[in-house]
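Please read the structure below before turning to the comments.
The values are calculated or read from the model by the stated rules, or taken from the named source; none is laboratory data. Keep in mind that this is a model prediction, so the values were computed, not measured. In this analysis, Cβ positions are derived from the backbone assuming ideal geometry, glycine residues included, and neighbour counts consider all displayed protein chains. Note: areas computed on protein heavy atoms with side chains; ligands, DNA, RNA excluded. Shrake-Rupley method; radii C 1.70, N 1.55, O 1.52, S 1.80 Å.
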Amino acid sequence: MPLALLALAVGAFGIGTTEFVMMGLLPDVATDLHVSIPTAGHLVSAYALGVVIGAPLLAALTARMSRRTVLIGLMTLFVVGNALSAFAPGYDSLLAARFLSGLPHGAFFGVGAVVATNMVAPERRARSVSLMFMGLTVANIAGVPAATLTGQHLGWRATFLGVSVIGLAAIASLALLIPHDHTHAAPAAGLRGELAALRSVPVWLALGTTVAGFGALFAAYSYITPMLTDAAGYAEGSVTLLLALFGVGATIGNLLGGRLADRSMRGTLFGGLLSLAVVLALFPVLMGTEWSGALAVVLLGTAAFVTSSPLLMMVMEKASSAPSLASSANQAAFNLANAGGAWIGGLALAAGFGTTSPAVAGALLAVLGLGVAAVAWAVDQRRGLVGSGRERLVAAHMPRRAETVRR
């Protein structure tokens, strides 16, 4: 695999760290800025809103620019947003800085996915995407726990300064390892052509599968702490280590999904969603003891992230004339899944169905994702695009020669 994938993984590591670290810093931020914890929770929502808005917008606006330049520019915006977060004088300014930090998130992964797939042979594209996303999953193993500990001992502002340094390292890696190119991310149709590519039903079915599939994950993961403490019997001090186990499972699932998706994209997607539904349905049993609760956390990460590469590749395939915008839109869908899944899981808790009820709600969402994926398969069947070999052939004819990153 090209060394340039390491530069994309470093950027993904920084983005993953800043996205998830706020959850662990909420009490410290709330105390320092004299706001309630629920009010401080809006800082998480502000970042997610930035991702949803910035992902398709920035990908479309930068469609004709050199992808290397776009990636460096997006990471520069990321550094600025986190530096402003570190020096924010009050809550409102921190809220704005978190929104700014989220803007480049989706576009970076979207453009990065296109760069990653264009540097390898068609039969290794899903694997290259999984290697880029490995930075995101490793962030949950090392980046988030380390950043949380830094915030707890040196103050939350030090955390965002540290994340800014990671961003600077990513910029240096991108400048050093991503080859120069003078290509455009889209054909001559420009912004209008990019947006037109998102009008097709298969694209929206693929995005809908992402929302439902990852909504299943976040319905459970958003409430994993009370499940581990109230149901499995862990002490609160053990939760950080257990969340690192989730990152281990996510890394395994991400790498496994990339390898399997290169053989059968749709088979991997169906298998991943089915596995996720089964794991979540078993949560009420698995959370009955400490050892099985820890196993459940690992299995959740594995099952959920097996689907990440095939979902992204499917969206890019369906919008082959605008792959950067499509893959960025998939990141927006991921964050909608984050918000929607957490909301649905909260409804199950509020209804009094029990501590593990969000996982059962997640299992139903995974089944819904399977249903949407089945509809997408039926649509492709009508168009004669079924079977892993045919899918790889279509992917191989995605605009490539004009988009290839020159070494």
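Out of Ala40, Ala107, I need the residue that is touching a residue at least 60 places away in the same chain (Cβ under 8 Å) and crowded, with 19+ Cβ neighbours inside 10 Å. Which one?
Details: Ala40 fails: touching a residue at least 60 places away in the same chain (Cβ under 8 Å).
Selected residue: Ala107, the only one of Ala40, Ala107 that is touching a residue at least 60 places away in the same chain (Cβ under 8 Å) and crowded, with 19+ Cβ neighbours inside 10 Å.
Would you check if there is a residue in the range 128-148 being of a type in the set (Gly, Ala, Ser), surrounded by fewer than 24 Cβ atoms within 10 Å (Cβ to Cβ) and in a helix (DSSP H, G or I)?
Step one: filter the range 128-148 for residues of a type in the set (Gly, Ala, Ser), giving 128, 130, 135, 139, 142-143, 146-147.
From the residues that got through so far, the ones that are surrounded by fewer than 24 Cβ atoms within 10 Å (Cβ to Cβ) too are 142, 146.
The next check asks that each one be in a helix (DSSP H, G or I); those that pass are 142, 146.
Checking the range 128-148: at least one residue is of a type in the set (Gly, Ala, Ser), surrounded by fewer than 24 Cβ atoms within 10 Å (Cβ to Cβ) and in a helix (DSSP H, G or I).
If you take the residues in the range 176-194 that are surrounded by 16 or more Cβ atoms within 10 Å (Cβ to Cβ) and modelled with pLDDT of 65 or more, which one is farthest from Ala326 (Cα to Cα)?
Leu177
Among the residues of the range 237-252, count how many are in contact with a Ser or Thr (Cβ under 6 Å, 6 or more places away or on another chain) and open to solvent by 60 Å² or more (accessible area, probe 1.4 Å).
Here the count works out to 1.
For Ser308, only one of the following conditions fails: (1) modelled with pLDDT of 85 or more; (2) open to solvent by less than 10 Å² (accessible area, probe 1.4 Å). What is its number?
Of everything listed in (1) modelled with pLDDT of 85 or more; (2) open to solvent by less than 10 Å² (accessible area, probe 1.4 Å), Ser308 misses just condition (2).
If the requirement is being modelled with pLDDT of 85 or more, within 27 Å of Ala60 (Cβ to Cβ) and over 19 Å from the mean Cα position of the chain (by Cα), which of these qualifies: Val379, Val367?
Values: Val367 fails: within 27 Å of Ala60 (Cβ to Cβ).
Of the residues listed, the single one that is modelled with pLDDT of 85 or more, within 27 Å of Ala60 (Cβ to Cβ) and over 19 Å from the mean Cα position of the chain (by Cα) is Val379.
Looking for whichever is open to solvent by 10 Å² or more (accessible area, probe 1.4 Å), within 22 Å of Leu177 (Cβ to Cβ) and hydroxyl-bearing (Ser, Thr, Tyr) here; the options are Thr31, Thr62. Which one fits? Outline the logic, then answer.
On the way: Thr31 fails: within 22 Å of Leu177 (Cβ to Cβ).
Just a single option satisfies the conditions, and that option is Thr62.
Looking at the range 342-357, can you tell me whether even one residue there is open to solvent by 10 Å² or more (accessible area, probe 1.4 Å) and at positive phi?
Checked the range 342-357: at least one residue is open to solvent by 10 Å² or more (accessible area, probe 1.4 Å) and at positive phi.
Would you mention how many residues in the range 65-80 are within 12 Å of Val115 (Cβ to Cβ) and open to solvent by 50 Å² or more (accessible area, probe 1.4 Å)?
Residues in the range 65-80 being within 12 Å of Val115 (Cβ to Cβ) and open to solvent by 50 Å² or more (accessible area, probe 1.4 Å): 1 in total.
For the range 288-305, name all the residues that are over 16 Å from Ile141 (Cα atoms) and open to solvent by 20 Å² or more (accessible area, probe 1.4 Å).
Gly288, Thr289, Glu290, Trp291
Inside the range 224-291, counting only helices (runs of 4 or more DSSP H) that do not spill past its ends, which hold 2 or more residues that are closer than 30 Å to Val379 by Cβ and in contact (Cβ under 8 Å) with a residue 24 or more places away in the chain?
Values: elements: 239-261, 265-281, 283-286.
Qualifying helices (runs of 4 or more DSSP H): 239-261, 265-281.
Since Ser85 meets every condition but one in (1) of a type in the set (Ser, Thr, Tyr); (2) under 29 Å from Asp262 (Cβ atoms); (3) open to solvent by less than 10 Å² (accessible area, probe 1.4 Å), which condition does it not meet?
Among (1) of a type in the set (Ser, Thr, Tyr); (2) under 29 Å from Asp262 (Cβ atoms); (3) open to solvent by less than 10 Å² (accessible area, probe 1.4 Å), the lone unmet condition for Ser85 is (2).
Taking the options Met75, Met65, name whichever one is closer than 14 Å to Gly102 by Cβ and not β-branched (Val, Ile, Thr).
Only one candidate passes the filter, namely Met75.
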